[in-house]
Each structure stands twice: as structure tokens, then as C-alpha cells.
Amino acid sequence: MTKRSTRTLDPLDLFEIRQSLSEEERMVQAAVARLVDEKVLPIIQKCFEEHRFPRELIPDIAALGLLGSSLEGYGCAGLNAVSYGLICQEIERGDSGLRSFVSVQSSLCMYPIYTFGSEAQKQKYLPAMARGELIGCFGLTEPHGGSDPANMKTYARKRGSDWVINGSKMWITNGAIADVAVVWAMTEEGIRGFLVDKGTTGFAAPEIERKFSLRASVTSALFFDNVVVPEENVLPGVVGLKGPLSCLTQARYGIAWGSLGAAMACYEEAAAYACNRVMFGKPIAGFQLQQARLADMLTEIVKGQLLVLHLGRLKDAGTMTPQQVSLAKRNNVSMATDIAREARRLLGANGILAEYASMRHMANLESVYTYEGTHDIHTLILGQSITGLNAFG
Ligand SMILES: Cc1cc2nc3c(=O)[nH]c(=O)nc-3n(C[C@H](O)[C@H](O)[C@H](O)COP(=O)(O)OP(=O)(O)OC[C@H]3O[C@@H](n4cnc5c(N)ncnc54)[C@H](O)[C@@H]3O)c2cc1C
């Protein structure tokens with residue numbers, strides 16, 4: 001009987017997804033993968049340890065057209081949804097914190113300015129944001145709780161031709177480094193979006209220190225103490241919760257892809273380690289228990305890949321629904337969290353060392369599980385669409 005090699009297949013493309021990508025999609029993926037391999041992976045573990053966002057990578061990220069990549073014009077790349085997904089996947093193979101930066105800049109800041117902003121706002125912000133010269137943040141969550149954003153306390157009152165904002169936001173990615181904050185505040189008419197520039201009197205964005213997760217990402221609180229914003233900084237195109245929720249749908253779509261990248265990184269680390277770690281006289285990859293572990297990981301990754309590829313095609317066809325995005329975000333983040341933990345366990349004691357990536361991904365994914373709608377909230381969104389009954393309140 002011939003002895004078969006277990007490592008001849010391309011495990012991360014077992015179902016030949018690459019073949020169903022267009023030439024442009026393949027090129028985007030390859031370019032981002034190269035950036036991650038050459039520039040991100042060599043520094044990211046240290047950044048995580050030092051609790052430091054690698055700001056020096058922004059010019060490289062911008063030069064590849066990765067900021068606002070799905071938008072047309074204004075210096076943006078105009079790529080399709082599958083390409084945006086592949087960008088998120090490859091970047092999160094490096095680190096969820098860096099992908100969070102790209103998601104927030106692209107889906108939560110540039111997208112609402114592009115979709116709901118005035119022409120003057122688009123001209124002022126979008127080209128500079130695409131070049132990475134202006135950084136954005138998105139302020140929706142408040143200290144009393146993020147899962148029920150309709151219960152918003154931050155309030156904007158009209159005063160002549162200006163608006164006066166009071167209140168606070170919490171857990172805001174990019175906050176302390178942002179040049180502009182897209183802030184959602186309650187008004188007499190309902191929720192409105194405001195563009196608050198850095199340095200505006202009464203506006204502060206202190207960084208939240210001592211996180212155990214997303215340590216290579218900046219997370220901040222935002223404080224508004226009688227912050228005066230002119231009418232021209234209000235997003236004219238939307239009133240109500242559908243404004244921020246439509247941004248979240250874009251970002252959650254990218255997260256469903258991104259979390260897959262973290263899962264792939266952990267799987268690859270675990271598979272390589274299993275082939276090299278010798279125990280009881282042979283590599284642990286040769287034991288059935290570890291093979292089952294790797295087979296389970298790979299199965300979930302392939303299912304996740306097929307899910308987001310199909311979702312991306314639906315998004316490009318203009319038929320994607322928020323419920324589909326909830327299912328994909330919920331499934332893939334949960335799957336990636338489990339894979340990161342299993343990979344860490346396969347590595348034994350070495351798995352807790354900073355030399356290996358799985359525990360960093362595992363810690364990061366705890367934030368990803370919670371933000372952009374917690375796992376529970378996506379369960380309730382699906383529950384409502386299955387049963388027609390609202391189980392939120
Ligand atoms: C690192 C990081 C970065 C973030 N970046 C941003 C950002 O850039 N901008 C932004 O606006 N926000 C951001 N967030 C905030 C994030 O979106 C919120 O943390 C999230 O919405 C959950 O809100 P919460 O943490 O206040 O939890 P809560 O809403 O207080 O929920 C607590 C628990 O209760 C559960 N729960 C809530 N409601 C129900 C219910 N009806 N039934 C059953 N269980 C329920 C939740 O699932 C959770 O387990 C970020 C968070 C983190 C951790």
C-alpha cells in the first residue's frame with residue numbers, strides 16, 4: 001500500500017475558491033496578502049504586546065487602494081464587494097485590530113459620508129481619507145450599553161444655524177487618532193449624523209488603556225461638552241436609526257470575511273506545529289485526535305469561505321439582506337473564535353507564548369464577537385426573521 005502524504009493539498013483553498021474569483025479579485029487578494037506577509041506579520045505581535053496601533057502601515061494600506069475600496073470616485077478604488085471581503089480576510093490574517101482600522105475607515109466613516117453626505121462633505125473628506133491622510137472614527141455606542149442604540153442619550157440641539165452636541169460615546173475604534181468623528185446623536189427629528197472635526201472646542205477622545213484584546217488597535221471614549229457643529233457638518237441624507245444601521249451592515253459584511261482570515265492564520269499555525277512537534281516518537285499530526293482537530297477546523301473554514309463568497313456575490317448583485325449578513329457574521333466569528341482556541345490548545349504550553357499568533361487572534365476575536373452586534377444580537381435578528389416575533393425587549 002502506498003503511503004499518502006497528508007500535506008499535498010492547498011488546505012486553505014480546498015474547494016478551489018480561487019478559481020471562481022475574477023482576475024481582479026485574485027490580484028487584490030495577492031497584493032494584500034503580500035502586504036500582510038511583508039509588512040504586518042513581522043511587527044504585529046510586538047505591536048500587540050506594546051498595546052500600539054501600527055500607524056506607520058497606513059500609507060502602504062492606502063497606496064493599495066484599501067481605504068473606501070468599494071466606493072466609486074473621490075480617489076477610491078471602486079472595487080466590488082468580493083474584493084472588499086478578500087481585503088478584510090487577508091488583513092485579519094495579520095491582525096483583527098488592523099482590519100478594524102480598515103473596516104471603520106471604509107465602512108463606518110467613508111461609506112456614510114459617501115451615501116448620506118453633501119457634495120461638499122464628500123469633496124472635503126473622501127479623497128483625503130482614501131489617501132490615509134485623514135482618519136475617521138464612528139461614534140454610535142454609548143457607555144450605558146451598545147446593543148440598544150435607539151436608547152441614545154447623546155443629544156444635538158439646534159441653535160440658530162449651528163447644532164450643540166452633549167453626551168458621550170464609548171468603545172470607539174480609531175477615536176484618539178481620528179481627524180473626523182462620524183457621530184450619531186438624537187435630535188428633535190430623530191437620530192442624525194454629525195461630522196465632528198478633531199480639535200473642536202468641547203470635544204475630547206481619550207484612549208481606553210489596558211485592553212486584553214485588540215491591543216494593536218486604538219479604542220477610545222468620546223466626550224461632547226457643548227460641542228458646536230455648523231449645519232454644513234450634518235449628514236443631510238438620512239434621519240433615524242437606519243443611518244448607522246446601514247453602515248453596520250457594510251462593516252459586518254467585511255467582518256464575516258475578516259474573521260475567516262484570523263481562523264486561517266490559526267489553522268495554518270496549528271497544522272505546521274502539529275507536523276513538527278514530536279511526541280511519543282512521532283509528530284503529533286500523526287495522532288488521530290489531532291487529525292480530527294485539524295479536520296474539524298478545516299471543515300469550518302471551508303464552510304465559512306463558501307458562505308462569504310456567496311454572500312459577496314449577492315452583495316455585488318444588489319440583493320444581500322441584513323439577515324444574511326447577521327448569519328454570516330455570527331457564524332464566522334463564532335467559528336474563528338473556536339478555531340483560535342483549538343489551535344492554542346493544540347500548541348500546548350507553547351501556545352501561550354507571544355511567538356505564536358493563535359492566542360493573540362483568540363484574544364482579538366473576543367472583541368469581534370462583541371462588536372458590530374454581539375453574537376446574541378445577531379441570534380435575535382435571525383430569530384425575529386425566522387419567527388416574526390421580536391425577542392429583543
Ligand atoms: C474593541 C472594541 C471596539 C469597538 N468599536 C466601536 C466603534 O468603533 N464604534 C461604536 O459605536 N462601537 C464600537 N464598539 C462597541 C460595540 O459595538 C459594543 O460593545 C456592542 O454593541 C455591545 O454593546 P455593550 O458592550 O455595551 O454590551 P451590552 O449591550 O451591555 O450587552 C451586554 C450583554 O448582554 C447581551 N444582550 C444585550 N441585549 C440583549 C437581549 N435583548 N437579549 C439577550 N442578551 C442581550 C449582549 O449580547 C451582551 O452579552 C466596540 C467594542 C469593542 C469591544
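The values are calculated or read from the model by the stated rules, or taken from the named source; none is laboratory data. Quick caveat, the model's predicted, so the values are computed rather than measured. Cβ: placed from backbone, ideal geometry, glycine included. Neighbour counts: every protein chain shown. Accessible surface is based on the protein model in full, side chains and every heavy atom, while ligands, DNA and RNA are left aside. Shrake-Rupley method; radii C 1.70, N 1.55, O 1.52, S 1.80 Å.
Please list the equivalent ellipsoid semi-axes of the stretch 177-238, computed as the square roots of five times the alpha-carbon gyration tensor eigenvalues, in descending order and whole angstrom.
Those come to 25, 13, 11 Å.
Once the Cα atoms are used to define both axes, helix 41-50 deviates from the longest principal axis of the chain by about 60 degrees.
The packing ranking, built from the mean of other Cβ atoms within 10 Å per residue, places the peptides 199-210, 113-124 in the order 113-124, 199-210, highest first.
Within the stretch 8-107, the ratio Rg/Rh, alpha carbon atoms throughout and Rh by Kirkwood, equals 0.98. Calculated mean residue ellipticity at 222 nm for the chain: -15500 deg cm²/dmol, from DSSP H runs with n ≥ 4 weighted as -39500 (n - 2.57), summed, divided by the residue count and rounded to 500. Rolling a 1.4 angstrom probe over the stretch 219-316 with all protein chains present gives an accessible area of which 59% lies on carbon and sulfur atoms. Surface composition of the stretch 1-136: carbon and sulfur atoms hold 53% of the protein heavy-atom accessible area at a 1.4 Å probe. Angle, helix 242-276 long axis vs. longest principal axis of the chain, Cα atoms, 0 to 90°, nearest 10? With both axes taken from Cα atoms, the answer is about 20 degrees. Between the helical axis of 358-370 and the longest alpha-carbon principal axis of the chain there is an angle of about 40 degrees. The residues of the chain have, on average, 44 Å² of accessible surface per residue, using a 1.4 Å probe with all protein chains present. Dividing the Cα radius of gyration of the chain by its Kirkwood radius returns 0.99 for Rg/Rh.
Note on the stretch 37-89 and the stretch 234-283: Cα centroid distance 14 Å, given to the nearest whole angstrom. Charge tally around L41: other residues with Cβ under 14 Å, Lys/Arg +1 each, Asp/Glu -1 each, net -3.
Among A128, A265, A292, the largest mean-square fluctuation in a Gaussian network model of the chain, built with springs joining Cα atoms closer than 10 Å, belongs to A292. Cross-linked pairs K122/K242; K242/K329; K211/K242: Cα-Cα separations exceed 22 Å for K211/K242.
As a rough guide to protection, the peptides 183-192, 366-375 ranked by mean Cβ packing within 10 Å, highest first, stand as 366-375, 183-192. Amide H contacts for T173 (H built 1.01 Å from N in the peptide plane; partners 5 or more residues away or on another chain; cut-off under 5 Å): F138, S220.
Net charge of the neighbourhood of Y253, taken over other residues with C-beta under 14 Å away and scored Lys/Arg +1, Asp/Glu -1, is +3.
Backbone geometry of the stretch 160-166 corresponds, through the Karplus equation with coefficients 6.51, -1.76 and 1.60 at θ = phi - 60°, to 3J(HN,Hα) couplings of x, 9, 10, 10, 10, 9, 10 Hz, x marking Gly and Pro.
Structure remark: mean-square fluctuation, Gaussian network model of the chain, C-alpha springs under 10 Å; the largest value among L327, L14, L311 belongs to L14.
Comparing C247, C47, C275 in a Gaussian network model of the chain (Cα springs below 10 Å), the most mobile by mean-square fluctuation is C275.
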